[in-house]
Amino acid sequence: MKTVLLAGGLGTRLREETEFRPKPMVEIGGKPVLWHIMKLFAHYGHKEFVVCTGYKSEVIKDYFLNYEALNNDFTIELGDRASLRYHGAHNEGDWQVTVAFTGDSTMTGGRVFRASKYFPGERFMCTYGDGVADVDIAALLAFHESHGRLATITTVRPPSRFGVMDLAADRQVQRFREKPLADGSVNAGFFVFEPAVIDYLDDECVLEQEPLRRLAADGQLMAYGHDGFFQPMDTYRESILLNELWAAEEAPWKVWRGESDIPNATAGR
């Protein structure tokens with residue numbers, strides 16, 4: 001099953017990092033946030049990816065085209081590219097990555113629609129390329145298969161922007177609560193779609209608007225509630241937060257903890 005990653009937006013609220021690269025290539029612990037998301041899916045056995053690019057797509061293309069050199073030691077005789085030899089191996093050797101340019105300013109639904117030629121007639125997963133979570137992908141898929149509808153969306157309850165006070169009937173302050181979970185749920189991405197969902201899309205649509213509204217009106221959209229960690233990386237402050245969690249080895253989204261993130265560069269020498 002393919003996992004479609006939406007990686008073409010401008011990232012205007014993270015301009016400190018995105019002037020020269022697309023937001024999914026902003027790094028957490030020296031690796032693009034896009035890589036972290038792919039590692040989550042790969043942990044659950046889903047290693048076929050379609051990356052929908054747009055803004056500065058060449059940065060993403062270069063990253064995957066040069067992945068072996070970036071993540072392994074190598075030897076080359078300058079002037080003879082055929083002499084290139086890699087030493088060791090990284091943990092992503094069995095990933096299959098399709099990088100699909102879907103337009104500089106195409107909307108999210110249009111990107112999926114344009115990339116659908118790479119997964120014709122197949123069930124597929126889809127998520128955004130700019131946020132991390134510890135979503136249980138196996139449980140998400142099991143939920144999707146249990147209800148028989150065309151689409152599943154993962155939802156979270158975001159924290160309130162402000163702390164709140166609990167008051168007694170006489171207005172006495174009983175306690176403070178720092179940014180409790182808000183009422184209601186929001187879209188966290190991590191979709192599962194049956195092939196017929198493509199019929200709800202067109203070349204220029206916004207996935208989160210008319211397509212999802214039509215799916216809901218048709219009784220074809222179900223919500224998988226995620227109660228764990230979820231953090232988009234929309235601002236420079238959020239980028240700093242995620243890097244601090246990674247550096248402290250407290251990153252909840254790192255469900256692949258048994259693997260080293262450092263290539264085995266000494267093997268094969």
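We did not get these values from a lab; they are worked out from the coordinates using the rules stated. Note that the structure is a prediction, hence the values are computed from the model and not measured. Here the Cβ positions follow ideal geometry from the backbone for every residue, glycine too, while neighbour counts run over all protein chains shown.
Tell me, in nm to one decimal, what length is gained between Glu68 and Ala217 on full extension, where the rule is 0.36 nm per residue of separation less the Cα-Cα distance? If you can, show how the numbers build up before the last one.
On the way: separation 149, 0.36 × 149 = 53.64 nm, distance 4.63 nm.
49.0 nm is the gain from fully extending Glu68 to Ala217.
Packing-wise, with mean Cβ within 10 Å as the measure, how do 148-154, 133-139 rank, highest first?
148-154, 133-139
Trp95's amide H: which non-local residues (gap 5+, or another chain) put their own amide H closer than 5 Å, with H modeled 1.01 Å from N in plane and none for Pro or chain starts?
The answer is none.
Go through Lys117/Lys254; Lys31/Lys117; Lys23/Lys61; Lys31/Lys254; Lys2/Lys56 and tell me which ones have a Cα-Cα distance over 21 Å in this structure.
Checking Cα-Cα distances, Lys117/Lys254; Lys31/Lys117; Lys2/Lys56 exceed 21 Å.
Which of Arg21, Arg85, Arg257 comes first, and how do the rest follow, when ranked by fewest Cβ neighbours within 10 Å?
Details: Arg21 18, Arg85 11, Arg257 8.
Result, fewest neighbours first: Arg257, Arg85, Arg21.
Going by how many other beta carbons lie within 10 Å of each one, how would you line up Cys52, Cys205, fewest first?
In order of increasing Cβ crowding within 10 Å: Cys205, Cys52.
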